[in-house]
Amino acid sequence: MIVQKEFLNKLNVLGLNSYEAKLWAALLSRGVSTAGELSDIANVPRSRSYDVLESLEKKGFVVMKLGKPIKYIAVKPSDVLERVKQRIMEEAEHSSQSLDNLRDSEMLKELNLLHSKGIDMVDPSELSGSFKGRNNLYTHLESMMKSAEKSITIVTTKDGLNRKAESFRRALYRAKENGVKIQIVAPITKDNMEAAKKLSEYADVRNSDANLGRFIIVDDNQLTFMLVDDADVHPNYDSGVWVNSPFFAATMSSLFALNWKKLTPLNKL
């Protein structure tokens with residue numbers, strides 16, 4: 001049996017390792033076969049074939065036909081797909097339930113206590129980090145927004161405004177519901193006017209004729225600033241630095257406040 005290696009590699013999405021993928025593909029091509037025959041066809045060591053076929057049976061990919069010699073029957077791929085989907089959903093539900101049970105557990109209280117005590121002992125200069133890749137950056141920025149208790153300040157580019165309207169809509173909505181003051185500044189053009197209007201449902205959005213950079217300040221405590229212009233970098237190479245420093249964040253917030261009143265509100269554009 002000649003099956004492309006690339007095709008076999010794709011079967012790992014079903015939770016199959018290399019030997020399992022080879023034997024299942026071989027059995028699909030035969031319909032019914034013995035372990036020895038499948039071993040020869042799939043080029044899998046005979047010493048491993050029975051264990052691997054037993055694993056496939058437990059996963060619902062094959063059915064063992066009793067008799068001498070023992071033969072195996074391939075399960076219809078569409079049925080296998082449903083079984084795999086069902087198993088993943090059950091495992092995800094179980095994992096989710098386990099995590100929910102931890103929310104009010106003594107273990108989580110102890111972990112939070114350890115964390116809070118540890119933070120008190122950390123030098124402020126240690127509370128910083130860098131992120132590479134826009135996906136990683138946005139995951140971190142969303143986490144910052146979710147932690148906000150008082151204020152969120154976002155300064156971005158014209159293209160960044162479109163992305164943030166799409167990526168952070170839910171986080172900003174929740175922040176507004178929690179009474180967080182949200183301010184957003186970006187160059188507003190006809191290309192991002194729709195995004196600006198959407199964001200204005202949660203925030204005070206203002207226009208800046210000049211590019212003021214790319215950064216986010218939360219609660220005057222933590223700040224993340226991007227190091228490059230998004231127009232000049234591929235999303236995979238976008239990068240930013242996060243600093244948890246009330247002194248630095250409050251200083252940047254004060255500087256921002258000096259310009260805020262000079263900026264044009266969205267409803268006056």
Quiz item: What number goes with the only condition from (1) free of Cβ contacts under 8 Å to residues at least 40 places away in the same chain; (2) part of a strand (DSSP E or B) that V241 does not pass?
Solution: (1)
Exercise. Would you please list the contacts, defined by Cβ atoms under 9 Å and residues six or more apart or on different chains, that run from a residue in the stretch 86-115 that is under 30 Å from F61 (Cα atoms) to a residue that is part of a helix (DSSP H, G or I)?
Key: R87/K59
Quiz item: Taking the stretch 237-269 only, how many residues are at pLDDT below 90, surrounded by fewer than 16 Cβ atoms within 10 Å (Cβ to Cβ) and of a type in the set (S, T, N, Q)?
Solution: 2
Quiz item: In the stretch 208-225, is there at least one residue being within 22 Å of the chain's Cα centre (by Cα), in contact (Cβ under 8 Å) with a residue 40 or more places away in the chain and loosely packed, with under 15 Cβ neighbours inside 10 Å?
Solution: no
Quiz item: On the given criteria, is D104 outside the structural domain of G31 (by TED's automatic domain parsing) and either within 15 Å of L27 (Cα to Cα) or not in a helix (DSSP H, G or I) (or both)?
Solution: yes
Exercise. Mind counting the residues in the stretch 213-243 that are more than 21 Å from V180 (Cβ to Cβ), of a type in the set (A, V, I, L, M, F, W, C) and in contact with a strand residue (DSSP E or B) (Cβ under 6 Å, 6 or more places away or on another chain)?
Key: 3
Practice problem: Restrict the check to the stretch 245-261 and report whether at least one residue is assigned by TED's automatic domain parsing to the domain that holds Y173 and touching a helix residue (DSSP H, G or I) at 6+ places or on another chain (Cβ under 7 Å). | Solution: yes
Quiz item: Which residues, taken from the stretch 244-269, are among the hydroxyl-bearing types (S, T, Y) and part of a loop (DSSP other than H, G, I, E, B)?
Solution: S245
Quiz item: Out of (1) out of contact with any Gly (no Cβ under 7 Å at 6 or more places or on another chain); (2) touching a residue at least 40 places away in the same chain (Cβ under 8 Å); (3) under 25 Å from N136 (Cα atoms); (4) not hydroxyl-bearing (S, T, Y), the odd one out for L266 is which?
Solution: (3)
Quiz item: In the stretch 43-65, is there at least one residue being more than 25 Å from R87 (Cα to Cα) and modelled with pLDDT under 85?
Solution: no
Self-check item: Near pairs, Cβ below 6 angstrom, 6+ apart or cross-chain, from the stretch 50-63 (assigned by TED's automatic domain parsing to the domain that holds N12) to any residue that is surrounded by 13 or more Cβ atoms within 10 Å (Cβ to Cβ) and among the basic types (K, R)
Solution: G60/R83
Practice problem: Test V233 against the criterion of being within 15 Å of R163 (Cβ to Cβ), within 28 Å of the chain's Cα centre (by Cα), surrounded by 16 or more Cβ atoms within 10 Å (Cβ to Cβ) and β-branched (V, I, T), and give yes or no. | Solution: no
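The values are calculated or read from the model by the stated rules, or taken from the named source; none is laboratory data. Please read these numbers as outputs of a predicted model, since none were measured by experiment. No Cβ is skipped: glycine too gets one built from the backbone with ideal geometry, and neighbour counts run over all protein chains shown.
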